[in-house]
Structures are given as structure tokens and as C-alpha cells.
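Chemist: Okay, handing you the structure first.
Here, each number is a calculation from the coordinates, and none is a lab measurement. Being a predicted model, the structure only gives us computed values, none of them experimental. Here the Cβ is made from the backbone with ideal geometry for all residues, glycine too, and neighbour counts use every protein chain on show.
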Amino acid sequence: MRQVQLNSLSLYCLSLVSALLIHWLISGEYDKITQHIFFPKPLPVEASDGPQQGNEIYLNGKLFNIPWSKWSRGNSQRIGISDTGVMNLLGIELLSTNKPTLQPIRWFSTDSSQSFSITARFIEPYRYLDVTDLIESVQGTLQVKDNLLEITLPPARISGIREGNQIWGKRIVVDVDRPTVWQVSQAKGKGVVTISAHTNVFSSDQMSTGLSPISETWDDPDEDDLGSNISRPITSQLFSLEKNGQITKVHINLPTSHGLNVFSIANPYRIVIDVRPDARVPKQISWTKDIIWRQQLVKLRKNIFPVNWLEINARSSQISLKPITTYPNRQEGTAPLVTIAKEWKASAAINGGFFNRNNKLPLGAIRSQARWLSSPILGRGVIAWNNQGQIKIGRLSFQETLVTSKGQRIPILFLNSGYVQAGMARYTPEWGPKYVPMSDNETIIFIQNGRVIDQKKANEVGKNPFSIPANGYLLIIRNSTISAAALQLGTKVQIENTTAPTDFKTYPNILGAGPVLISNNHIVVDGALERFSKGFQQQKASRSAIGVTNQGKIMLVAVHNRVRGRGASLREMAEIMQQLGAVNALNLDGGSSTSLSLGGQLIDRSPITAARVHNGIGVFVNP
């Protein structure tokens, strides 16, 4: 049917322009007669108008926090969604590409080899995919309301669902009557695929209703076979259904170290859910000309590790890296990495160094633009860099000394650190406006303009915060190891500090974690030297790391479980980094902290499985 839509738009309150837009809509296979959906096309705006952006998308009545943008192209307005947001929100598979401005995708294609491309555009800080024509092709509507993008798609229906065995695992096939969207969420032992479709298909425990039961295909070793139409009722131990109006959730019991690979095909329309240990599909996407996103399988002896990583041209004038923390003006606090990256407007990010989960304070080096937000501890590994693309990875120690006007020299063990030991520590305004005692019976020395102005006693940990002088700092004496008599009111003091090796001090940006994995192309893992516990040194876990290639490119790498097994050991992580091309590499905080963000979304794991972190390394693109 031919539909006509009349839109009008007042430009700069000077004139009223109207136009009649005619658009042929192609109806779905099952609703050629009954579906008549309007797709309004906005009128063109002045070419000088910049793109409009927002962070909320309302999809079929549900709100998602995903970046979107609107811009003009010729005589039409276009709607873009961040590329990783398109993947997570709509279920669209992003395929490999070496063209940052063109993104091949697979979404209800005829077969696994068929794909088509849509336009990609970088609008700081994200890469957006133009979904205007795609949504229109399935009779959907797009409407911008202030910071909100509303997407409405015609309702889909699930007509059947079946399960089958494959050589590599299990396959679930969901029959739908038209293209629709879905979201995937995974946790340990469980997965959920939320499909925008209603259904009359019931789980076996609902068969008493007399409606169609779930069915299972006969076993077929051909992994390309989606199953025949021959089916029989079963009680599935693999999945169950949850129905809520126009939404159907497929709850899946995941075997150990298994994940979900979900894609769609056409003729007829089907959503395929593969439950397999190697669920990550290898791909290489040129995100911008200086950032490449890779998913690949790395083989170490008899083990295979799915690896997600970013290769970044740190020498590019359009790329900069910065340490990012939960709050820009204080060091206490944790948040999901995605949240921190969005607050800093970083295009990409990886979790950083260690921290105390109880008091949410840093436990290692964080130096930003030559300001120590937190000093190094225990001679552990760090990565340092400057704005000219020079990078150094190694073990770092930090020495600071308080020198009084009487010539006394008192060692300061830590600067702006959550690591508590007997002795003296120093806290500056970079720590935040206040200091909260971290141990009992601390002595607080107030320094302002290079002079002692006050002394106070803090009797109890966590009580009675003390203000940090804006043009000074606090000295904290713990366990009465140092006599406060040397710091009487009016005493003049000054600070001396240095690093070992000394050249680290010339780098304005430093982030510490450890241990160092690779140095000058040699694996140098030594957890004992960096004073990590034996348990930490021996464990196999999810891991993140940062590395440098011999071309000076930076690698941000996340590794979770090996195929059919647990995560990587420190030695295995070093070997993985070496295989990927790193000549120098540093282990970052791992386990549940392991997080790799791109385009405002995690690309290595489901967000519900990622813990809150204190800090990270942000990648900024300056086009």
C-alpha cells in the first residue's frame, strides 16, 4: 500500500516549511494485507546545524541507555546508533571491515555468507551506524524527543522453538514471522535472550494448556543444519520460556565455560542461539583509522583462548590516552567501567589498577598530567606514557621525603594512597576535599603554604573527616612511628621526591597494576618480586592487560575462560600477549574487574557480570 505523510518544521522561527513525502512500504511476509505502518521522514535542516545526540533509546516500550545521533545528509535526516549499541540493542551482527565508514552487518540474511553494509560515521566520542533505512525496511518508526530516541517496530510472533545437538554443543532455533530484535545477557551458568515477539509456544510444564509444546530436532552432526521440520515434544533441560506480552525471554542453562552466539537468518525467518565453548566469532573491525577491534582465538599448546582486544595507534595526533577514575575530583569511589568511560567521554577504555573494594580507595600508581593521584606501591609494574606516543613499561618505586627547616629528613611512604602501613603518608587536594582516617590513633599534621599550621589526633578509623588545605596537604602519622614533636606549629617544611628508575618521573601519565608480563620481548613474570600473594600468582582467572607492539601501537586485551576450561594463568596471559604481538606488556586488575569498553558498551562480557572498578585507561579520539 502507498502511504502519504505530511510533516512541517519551523526553521529559526522565520518561516514555516511543509513538504509532502511519499514512501512505499514493503509489508512483511505474514502481514501484507493488514500491516500499514507510517515511517515519517523529517524535513531537511540547515547544513550548518551540528548533529543532535542523546543517550537514551526507547525501544518498543523499554528504555535503554545507548548513545544515538541525528544528522542531515542531502535532503534527508539520518538516525545513527553507536555501533556496539546496535549490536547489543538490535541483535545485529557486526562483520569484519577495513573501512571505518562502512560497516557490513548480518541480520535476517538468507544464509551465513550473505551480508550488506550500512554507513558508519564517527561523531565524537563514538562511531554511529546509520539505521534509518534498516528500520524503515522492516516498517519501523524512528522519532526524536529531546534526549530520547523512540524506536517502534511492528510486533513479531514466535511460531515454534526447537533444540538440537551439534558437534560443538547445542543449538536452539526460534521461528519468527518477521524480522525482529533481541538482546543477550550472560552470567555464570545462565543466559537470557530477550526477543521482541509474543508467542503461544509453551514450555513442557505448561503443556496442560493444550497449546503447542516446545519441540526438538532429531540429532544431526552437520553444524550448518538448522534442523528438519520433524519434531517431537520434549522436556528441555537446556532452556525455558518466559512470556510477558510482546516480549519472550529464552532462559538458557549454560554448561561450564560455555557462552551464547546468537544470529538470525531468513527464508524462513529464524533466530539461532548456539550454546558453545567457543562462542566468540573471530572478526576484525577498523573502528576508526587509528583503532582496530579484534576478536580471535589464540592457541597455546592444547588450549584455546577467546581474546577480545583493541589495537590503538598511540602515535597518531588524533589519539590520546588518559588515566580515568570514578570521580575527577576525589579518589574514593567505584563504578562500572562503562559508566566511568561515558563520564569522561572516552571512546574506549580498559579497567586499570588494583583498589580496595571495601573503602573504594586506590592501591597503586595513578599519575595524570604530572599530578600524582595515587603513588606506586611495593615496586610493582606500571605503564607510563606521554603525549608524543612514547611508552614505558616496568617496575616502579617512588620515594618522597619531608625536609624540615631544622634539616630533619622524614621519609614519606605513600602519597594519596589507600595502602596503609606504619609510618608517614601524605594527602593532597588530588585526594579530594577531605581525608577520612584509615587506622586508629592517627596524628594529623596540617601543612599550608609550606608551614605547619595545626596538629590533631584522630582516634578511630573511618570517623571525623579532616579537610585538606587547598594550598597545602595533610601528613598522617600512623602507629606513632614518628614523633610529632619535630613538626611543631610554624615549622617550615618542603617536599623532595623521585622515582626509581628516575626516567619514569618525566612521564606525565602513569598507571600501575602488575606484574609485568613482557619486557623487551621476553616473558618476565615474577609475582613474588612484586610482592603478590602465592594465591594470586597461581590462580587462573579472567585477565586484562595492556601491551605495546614493536611499531609502538598500544594493545588493550581482555581474556576470560579458555575453551572448555578456566581463565588464564599469569604465564599464559604473557604468552597470549606475545602471540598478539606485544614486546612489552603489563597485567592489569583481573577477575570480575576485567572490562573492555568500546563505543559506550562492554565488548568482552555481559555487563551484569562485570564488577565496579576504581580506575582505568581511557582512549580519546580527537578528529
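Chemist: Classify the stretch 236-284 from the C-alpha gyration tensor, please: rounded if a/c falls under 1.5, else prolate or oblate depending on whether a/b exceeds b/c. Before the final figure, lay out each step's value.
Modeler: Details: a/c = 2.29, a/b = 1.19, b/c = 1.93.
The shape class here is oblate.
Chemist: Take each of the peptides 81-90, 173-182, average the number of other beta-carbon atoms within 10 Å over its residues, and list them starting from the highest.
Modeler: Working: 81-90: 25.0, 173-182: 22.3.
Peptide ranking by packing, descending: 81-90, 173-182.
Chemist: OK, next. Expressed in nm to one decimal, what extension gain is obtained for the pair residue 551 and residue 484 from 0.36 nm per residue of sequence separation less their Cα-Cα distance?
Modeler: Details: separation 67, 0.36 × 67 = 24.12 nm, distance 5.23 nm.
Extending this stretch completely gives an extra 18.9 nm.
Chemist: Across the stretch 377-384, in residue order, what do the Karplus-derived ³J(HN,Hα) couplings come to in whole Hz, using 6.51 cos²θ - 1.76 cosθ + 1.60 with θ = phi - 60° and x for Gly and Pro?
Modeler: Result, rounded to whole Hz: 9, 6, x, 7, x, 9, 10, 10.
Chemist: Cross-link candidates for residue 299: which lysines have Cα within less than 30 Å, leaving aside residues fewer than 8 places away along the same chain?
Modeler: Answer for residue 299, where 30 Å is the Cα cut-off: 99, 170, 188, 190, 283, 289, 392, 534, 540, 553, listed by chain and number.
Chemist: Using θ = phi - 60° and the Karplus curve 6.51 cos²θ - 1.76 cosθ + 1.60, what whole-Hz ³J(HN,Hα) does each residue of the stretch 301-307 get, with Gly and Pro shown as x?
Modeler: Running phi through 6.51 cos²θ - 1.76 cosθ + 1.60 with θ = phi - 60° gives 6, 9, 10, 10, 10, x, 10 Hz.
Chemist: Could you state the number of Å between the C-alpha centres of the stretch 591-623 and the stretch 519-543?
Modeler: Here the answer is 23 Å between Cα centres.
Chemist: Towards the positive end of the charge dipole of the chain, with charges on Cβ (+1 Lys, Arg; -1 Asp, Glu), say which of 158, 387, 480 has the farthest Cα.
Modeler: 480
Chemist: Remind me, relative contact order of the stretch 397-500 in percent, using alpha carbon pairs under 8 angstrom and six or more residues apart? Don't skip to the end; give the middle numbers.
Modeler: Numbers: 239 pairs, mean separation 36.8, N = 104.
This gives 35 percent for the stretch 397-500.
Chemist: Would you pull out the residues with amide H under 5 Å of residue 493's amide H, same chain only if 5 or more places away, H placed 1.01 Å from N?
Modeler: Residues meeting the amide H criterion: 451, 452.
Chemist: Could I ask something else about it? For residue 170, list long-range residues whose amide hydrogen, built 1.01 Å from N in the peptide plane, is under 5 Å from its own amide hydrogen.
Modeler: For residue 170, whose amide H was placed from the backbone, the distant partners under 5 Å are 275.
Chemist: For Rg/Rh (Cα atoms, Kirkwood Rh), which listed value, (i) 1.04; (ii) 0.97; (iii) 1.00, comes from the coordinates shown?
Modeler: After the calculation, the listed value that fits is (i).
Chemist: Using Cα pairs closer than 8 Å and at least 6 residues apart in sequence, work out the relative contact order for the chain, in percent.
Modeler: On the way: 1627 pairs, mean separation 82.2, N = 623.
Computed value for the chain: 13 percent relative contact order.
Chemist: From the backbone phi of the stretch 53-68, what are the Karplus-calculated ³J(HN,Hα) couplings (6.51 cos²θ - 1.76 cosθ + 1.60, θ = phi - 60°) in whole Hz, Gly and Pro given as x?
Modeler: So the Karplus estimates, Gly and Pro as x, are 10, x, 10, 10, 10, 9, 10, 6, x, 10, 8, 10, 8, 9, x, 9 Hz.
Chemist: For a test of the definition: using alpha carbon positions, the gyration tensor, and the 1.5 limit on a/c, classify the stretch 397-500 as rounded, prolate or oblate.
Modeler: On the way: a/c = 1.33, a/b = 1.19, b/c = 1.12.
Rounded shape, in that the Cα axes give a/c under 1.5.
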